[in-house]
């Protein structure tokens, strides 16, 4: 049985950007304490602190050691937790702050992108028993040597869900400035809908395809431990979006989100003999070289020659092209080329499974706008199309209009 | 035998105030590494960081919890150590940074003014064996519960000397912006002399009497462990001042420093019966109430009535006066009064022991200027006079002129 007495909350950097906002967060926490909850709060660094610390390091060196970077960045959260504890004391709520080290957030040793392996609940439970609100520094942990590690951008979400998991709670509230999960980026679509509910898999797919609301690992953790993530705003008391098991969802949309991802480039290897092992060789080499490959499409052409297209992060493109070059002879390929100005436009939704013709409808609305589709990839709950990036916003708008806006009415 | 291979250095906040200065400190450390030293470096927070963090906390609460204050303030040094390690890497020197927690700087649990009880050398020694420069966060430690503690203003000096003690070194270099110990405050005396050598006891006396070059506890630690403190500038390569055992000093001045202290007030309790136990009662009560009493003078007047004058910090004056009021009847005193606008002007020097007439000469130069002496207190190596604070600078100038300037010529 989940523990319904403990409430785990996470407040992002915007929510604690100034002393005034920290006081507002303290007032919100107090309201939960007054309702009888034992509250465990995870906080990020104030506002742009992390960016400022990175800028400071860049004045010293262009190639900072990742261990020292984590030593530096972890101070941001330590400042927030102490100030939030003070703000709670000021309004009469007993509270105590803990660093990742103090509650033994044990991670692997991959500095700047460490993964949590365990958290000790001993000290947290003791403080909760003493009726203290517990304030924990997000984003940080220690490895087995007590070196300070960090979890990567957005890692505080994962800190919060991991705490919810070890404390056995059902819910975890994630306070952000956006206040929920939307059907599209409001910078592209004027009036996107806020989703009341969304499944773990859809959320993961949206995160993978460009929606930056939640740290992916936090959603994986939540799925694994069956924790409901309530994404909401710290600036008002509106209900947000709940990321939850698909089976428990009351409402299912055909498409719950439309995204555009513009940080990838496309590589095409042409005219390679269509024989087994080619794809394994290409993507094995990419993996060995830590290049993240997102979409992959293979097609067979004439004379038993195939071509493979795939997308990598633009920042990895040069490296990936050099690797392709090294394979050219071995594969017997006639050539390869890359294209940088692409966008991956995707539609995600569990409802696709039970709706006919979703893909066809998407291809049709794109063709009506004369948008050429360069690659297509489908999963159980999503369809992604690679198009020229000048059409990215247009594509999102028309897909959103045909699938989502009728339901808004 | 002291370890002459390890060099412990401490750089103050001014020395690491900007990325450029941090790089200059790294270059200096490199020069020691190149000479074959194993270097252990203690750093303070950058520039005014500590003040800025205090100001930030004051926007949240006027009465911050001291535990949370230490959580907050300790981040300042953590930023400096990571940046200094990066700066060393950048110029090809292997280096690793450690927080107080990571090298187990164990203190008592008195937040904001903790005392170091032990330091583990295990991890430092291991890093030195790996030919790494070790960068340690000054000012901070942990208590037995792993709460973060700080040592009070100037505490990084004490961190450095404590490290020198546990590592068994003979020397500890303290880099400051002033570059040494001077015979007087340069804001008062135009051309004070930099002392080549000064004894631990003189340095302690100077610190007690208003010279703020070194944290007192660092000098006590150095004296106890026979460590030479080399106070010097991080902005040039001039020799500074060495705080060392009196017996090993080459030069002894009659007076090595003249100070003025203006943060104390004087209290006088008049006409109390001259019987045993009065002083014990008064100062016992002050001690119980954590009021620091500096000078004490008792005089016997007519009719076996005594008066006691003493000085306390101006910030403690109201509290001390209330305590006196509570004792009035018990002591049978006719009254008490206080004076805020006083200064304690002092001359300190081991040479006083072997020189005749120093006190007389001081009283004479003050009387020549018509400066009235309200209290006098002497120790083996110092003489302090309480005077009206409008004469403080004049008194320092004339005492400096008669004792120190002839030796400068």
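Some observations on this one:
- Given (1) closer than 22 Å to residue A:203 by Cβ; (2) modelled with pLDDT under 90, number of the condition residue A:326 does not satisfy: (1)
- Filter result for residue A:170 (at negative phi and free of Cβ contacts under 8 Å to residues at least 40 places away in the same chain): no
- Index of the failed condition, residue B:326 passing every other in (1) under 22 Å from the mean Cα position of the chain (by Cα); (2) within 23 Å of residue B:287 (Cβ to Cβ): (1)
- Number of the condition not met by residue A:307 [criteria: (1) surrounded by 12 or more Cβ atoms within 10 Å (Cβ to Cβ); (2) in contact (Cβ under 8 Å) with a residue 12 or more places away in the chain; (3) in contact with a strand residue (DSSP E or B) (Cβ under 9 Å, 6 or more places away or on another chain); (4) farther than 25 Å from residue A:385 by Cβ]: (4)
- Among residues of segment A:221-257, those that are touching a helix residue (DSSP H, G or I) at 6+ places or on another chain (Cβ under 7 Å) and outside any loop (DSSP other than H, G, I, E, B), counted: 8
- In segment A:88-122, residue surrounded by the most Cβ atoms within 10 Å (Cβ to Cβ) [restricted to those that are at the interface with chain B (Cβ under 8 Å from one of its Cβ atoms) and assigned to a helix (DSSP H, G or I)]: A:89
- Cβ-Cβ under 6 Å pairs, at least 6 apart or on other chains, segment A:338-363 side over 21 Å from residue A:198 (Cβ atoms), far side modelled with pLDDT of 85 or more and part of a loop (DSSP other than H, G, I, E, B): A:343/A:262
- Only listed residue being closer than 22 Å to residue A:205 by Cβ, crowded, with 16+ Cβ neighbours inside 10 Å and more than 24 Å from the chain's Cα centre (by Cα), chosen from A:386, A:348, A:398: A:398
- Members of segment A:42-87 that are surrounded by 18 or more Cβ atoms within 10 Å (Cβ to Cβ), facing chain B (nearest Cβ under 8 Å) and not in a helix (DSSP H, G or I): A:60, A:61, A:64, A:65
- Some residue of segment A:145-156 being touching a strand residue (DSSP E or B) at 6+ places or on another chain (Cβ under 9 Å) and within 20 Å of residue A:243 (Cα to Cα): yes
- Any hit, segment B:26-41, residues being touching a residue at least 24 places away in the same chain (Cβ under 8 Å), within 12 Å of chain A (Cβ to nearest Cβ), within 25 Å of the chain's Cα centre (by Cα) and at negative phi: no
- Residue B:147 being modelled with pLDDT of 95 or more, surrounded by fewer than 24 Cβ atoms within 10 Å (Cβ to Cβ) and under 23 Å from residue A:96 (Cα atoms): yes
- Test result for residue B:126, surrounded by fewer than 24 Cβ atoms within 10 Å (Cβ to Cβ), within 14 Å of another protein chain (Cβ to nearest Cβ) and either in contact with a helix residue (DSSP H, G or I) (Cβ under 8 Å, 6 or more places away or on another chain) or within 24 Å of residue A:111 (Cα to Cα) (or both): yes
- Condition met for residue B:119 (at pLDDT 95 or above and over 17 Å from residue A:142 (Cβ atoms)): yes
- Members of segment A:143-180 found to be away from every other protein chain (no Cβ under 14 Å), out of contact with any helix residue (DSSP H, G or I) (no Cβ under 7 Å at 6 or more places or on another chain) and part of a loop (DSSP other than H, G, I, E, B), listed by number: A:152, A:153, A:154, A:168, A:170, A:178, A:179, A:180
- Candidates B:190, B:211, B:207, filtered to the one that is in a loop (DSSP other than H, G, I, E, B) and either in the same structural domain as residue B:171 (by TED's automatic domain parsing) or crowded, with 16+ Cβ neighbours inside 10 Å (or both): B:211
- Test result for residue A:1, farther than 24 Å from residue A:144 by Cα, in a loop (DSSP other than H, G, I, E, B) and at pLDDT below 95: yes
- The set of residues from segment A:1-12 being surrounded by fewer than 24 Cβ atoms within 10 Å (Cβ to Cβ) and closer than 24 Å to residue A:74 by Cβ comprises just one member, A:12.
- Against the numbered list (1) farther than 27 Å from residue B:385 by Cβ; (2) assigned by TED's automatic domain parsing to the domain that holds residue B:294, residue B:229 comes up short only at (2).
The values are calculated or read from the model by the stated rules, or taken from the named source; none is laboratory data. Everything numeric in this text was worked out from a predicted model, so none of it was measured. All Cβ positions, glycine included, derive from the backbone under ideal geometry; neighbour counts span all protein chains shown.
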